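One structure is given below, encoded as structure tokens.
The values are calculated or read from the model by the stated rules, or taken from the named source; none is laboratory data. Just so it is clear, the model here is predicted, and its values are computed rather than measured. Here the Cβ positions follow ideal geometry from the backbone for every residue, glycine too, while neighbour counts run over all protein chains shown. Each accessible area value is taken on the protein alone, full model and side chains, heavy atoms only, with ligands, DNA and RNA left out. Shrake-Rupley method; radii C 1.70, N 1.55, O 1.52, S 1.80 Å.
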Amino acid sequence: MSLQTLSPVNFKSWKELESLSKNEFKLNALFESNSKRFQEFSIQNKDFLVDFSKNLLNEEVFEQLINLAGEADLKNAIKSYFAGDKINETEGRSVLHTALRTSKTNSAKVEGKEVFEDVQSVLTKIKSFSDQVNSGERKSYTGKKFTDVVNIGIGGSDLGPQMIVDALAYYQEDITPHFISNVDGDHVSETLKHLNPETTLFLIVSKSFTTQETLTNANTVRDWFLKSATKADVKHNFVAVSTNISAVEDFGIAKENIFPMYDWVGGRFSLWSAAGLSIAVSLGSKKFQDLLDGAEDMDTHFKTSEFDNNIPVVLALLGIWYNNFLGAESEAIIPYTQYLQKLAPYLQQASMESNGKSVDRAGVKVNYQTGTIVWGEPGTNSQHAFFQLIHQGTKLIPSDFIGFKNSLHGNSKHHDILMANYFAQTEALMKGKSKEEVHKELENNGLSVEEIQKLLPFKVFDGNKPTTSILIDELTPRSLGKLVSMYEHKIFVQGVIWNIFSYDQWGVELGKQLAKNTLKDIESSQIENQHDSSTTELLKYYKS
Ligand code: F6P
């Protein structure tokens, strides 16, 4: 079944929300008038507590947002998503990354065939490969144990695995992970500089195996490897993950060293597949399974919870409220752990490549906003970088604050300071500081009336800045899987309501095509392609 084509602007709830958005939502007053606000606007699911009470909404708005999900036929959309219906219509594909982490046959079908057994057999291959590499049973071409693993890929074949490996560095086994993505030759050279071909395992990850950056890097790495080894040695140190088996074989990688990817898993949602081989190798197969289990926990919560108690649904609806009714253009992701420093870049692709669309499912230009701009950095560093703008700037930036009850290394002094900042920031953003408070403070500091008058406007905080606090017990492979799955489903829900196709990415094609022609102009003596005068002059300058 395909997703329904329903323009959200025609929904009753949309119109209600439009009129509700004209009201003022003063968080301090909303808390004062409702002593149960936290209980009413928070969801606990095992080790996750999501407090969305510090958001600019009241009961009426929340009710209409839930109605919006109902009118968009979200219930059936979720069924279609998990069942394997071809909801990626413009590419004629199912969207089944959830099938990669299910622990039981759940009737996810592609072309009428259950995918469960196929997924399990590849998962077994991933686990036994990573176990063999970790135990030293699988050796390099000179018989040495691998010490390093290099993932060569870009976009979804890089960002997800890299974010996970970085986030779970605490749990890393003996093998050190590296990532080469950018076609910038300095990236590959800088990475290889520290590596020994005799002890390095290379994973070439490309769903299409046609991506210019990945193939260029893979060729450069193979040339570097062949300076110390022979072509016959490639099979020991190179492995590929792809759907394009013939292109991988042409590259020189043996059939037994190819891990399949699936047509029905989008690149940006593929870290749960063999695209996550670098995760399994560097963390071990048990932790990889824990990651999948955590994602499945969230899948189950998402599939079975009522919308008003459903974490991804509520997060998605809040995003729509700000984006479509209150005029916010971006949302910030602020994890209070250095381990999650790559979460925002990862979510940028997951969210912006999915929902950065301006044509609806009927092929008509939309007349409302779709995908938001996602950005962020860990706290407390970000407090000393861009928080000034969130506190006192002119833009509305709803922010997710992700914190953990326990630190991994058990340094409670540091952790308490970190978390004191986590709590204090959301409170400060909400409460602000009134003229009266500033006045009193300056007076107590002994400033004269004149000095107070001059300084006061700059020291006032309007407050009323919305935040959602996501408080998790501990950063583990399982909780991280759950967190990533939470955001994946948020993206899905928003795409359903915005009436767009979230799982294609035609917008990245034009630049790729032009780059091919431009490369010809750079490599040949003449600029043969027709460019605008700015591009022509820039090319001439570059070539001179
Ligand atoms: O940037 C476009 C894109 O197609 C992404 O969707 C994908 O994750 C990335 O390129 C890499 O593609 P591949 O895995 O086919 O090399």
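Per-residue answers, yes or no, for (1) farther than 19 Å from Asp400 by Cβ; (2) among the basic types (Lys, Arg); (3) modelled with pLDDT of 95 or more:
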{"site": "Lys26", "(1), (2), (3)": "yes, yes, yes"}
{"site": "Leu30", "(1), (2), (3)": "yes, no, yes"}
{"site": "Ser35", "(1), (2), (3)": "yes, no, yes"}
{"site": "Gln39", "(1), (2), (3)": "yes, no, yes"}
{"site": "Asn45", "(1), (2), (3)": "no, no, yes"}
{"site": "Val50", "(1), (2), (3)": "no, no, yes"}
{"site": "Glu60", "(1), (2), (3)": "yes, no, yes"}
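Every residue, every condition in (1) hydroxyl-bearing (Ser, Thr, Tyr); (2) assigned by TED's automatic domain parsing to the domain that holds Leu475; (3) under 27 Å from Asp504 (Cα atoms), yes or no:
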{"position": "Ala362", "(1), (2), (3)": "no, yes, yes"}
{"position": "Thr394", "(1), (2), (3)": "yes, yes, no"}
{"position": "Asn406", "(1), (2), (3)": "no, yes, no"}
{"position": "His409", "(1), (2), (3)": "no, yes, no"}
{"position": "Leu418", "(1), (2), (3)": "no, yes, no"}
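Per-residue answers, yes or no, for (1) assigned to a helix (DSSP H, G or I); (2) in the same structural domain as Gly403 (by TED's automatic domain parsing):
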position	(1), (2)
Asp293	yes, no
Thr300	yes, no
Leu347	yes, yes
Glu353	yes, yes
Asn367	no, yes
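Within the bounds of segment 110-132, is there any residue that is part of a loop (DSSP other than H, G, I, E, B), of a type outside the set (A, V, I, L, M, F, W, C) and more than 16 Å from the ligand (Cβ to nearest atom)? Yes. Any chance segment 451-467 includes a residue that's assigned to a strand (DSSP E or B) and of a type in the set (Val, Ile, Thr)? There is at least one residue in segment 451-467 that is assigned to a strand (DSSP E or B) and of a type in the set (Val, Ile, Thr).
What residue, among those in segment 308-345 that are among the β-branched types (Val, Ile, Thr) and either outside any helix (DSSP H, G or I) or not assigned by TED's automatic domain parsing to the domain that holds Asn55 (or both), is farthest from Asn421 (Cα to Cα)? Before the answer, list the steps.
Pass one, segment 308-345, residues among the β-branched types (Val, Ile, Thr): 311, 313-314, 320, 333-334, 337.
The next check asks that each one be either outside any helix (DSSP H, G or I) or not assigned by TED's automatic domain parsing to the domain that holds Asn55 (or both); those that pass are 333-334, 337.
Values: Ile333: 15, Ile334: 12, Thr337: 12 Å.
Per the stated criteria, the residue is Ile333.
When residues in segment 418-454 are screened for being farther than 23 Å from Thr467 by Cβ and open to solvent by less than 40 Å² (accessible area, probe 1.4 Å), 2 of them pass.
Of the residues examined, Asp85 is one that is in contact (Cβ under 8 Å) with a residue 40 or more places away in the chain, over 27 Å from Tyr322 (Cα atoms) and crowded, with 17+ Cβ neighbours inside 10 Å. In the condition set (1) closer than 26 Å to Asp47 by Cα; (2) surrounded by fewer than 22 Cβ atoms within 10 Å (Cβ to Cβ); (3) within 16 Å of the ligand (Cβ to nearest atom), Ser246 is compliant with all but (1).
What number goes with the only condition from (1) closer than 25 Å to Gly356 by Cβ; (2) open to solvent by less than 10 Å² (accessible area, probe 1.4 Å) that Leu475 does not pass? For Leu475, the exception is condition (1). Scanning segment 345-376 for residues that are surrounded by fewer than 21 Cβ atoms within 10 Å (Cβ to Cβ), more than 16 Å from the ligand (Cβ to nearest atom) and within 13 Å of the chain's Cα centre (by Cα) returns Ile373, Trp375.
What do you reckon, is Ser270 open to solvent by less than 20 Å² (accessible area, probe 1.4 Å) and modelled with pLDDT of 95 or more?
Values: open to solvent by less than 20 Å² (accessible area, probe 1.4 Å): yes; modelled with pLDDT of 95 or more: yes.
The answer is yes for Ser270.
Look through segment 162-221, keep the residues that are surrounded by fewer than 17 Cβ atoms within 10 Å (Cβ to Cβ) and touching a helix residue (DSSP H, G or I) at 6+ places or on another chain (Cβ under 6 Å), and return whichever of them is farthest from Gln349 (Cα to Cα). Only one residue tops the list, namely Glu173.
For segment 137-153, which positions are away from the ligand (no atom under 16 Å from the Cβ) and open to solvent by less than 10 Å² (accessible area, probe 1.4 Å)? Outline the logic, then answer.
So in segment 137-153, the residues away from the ligand (no atom under 16 Å from the Cβ) come out as 137-149.
Within segment 137-153, Ser140, Phe146, Val149 qualify.
Among the numbered conditions (1) closer than 27 Å to Ile180 by Cβ; (2) open to solvent by 40 Å² or more (accessible area, probe 1.4 Å); (3) assigned to a helix (DSSP H, G or I), the only one that Asn76 does not meet is (1).
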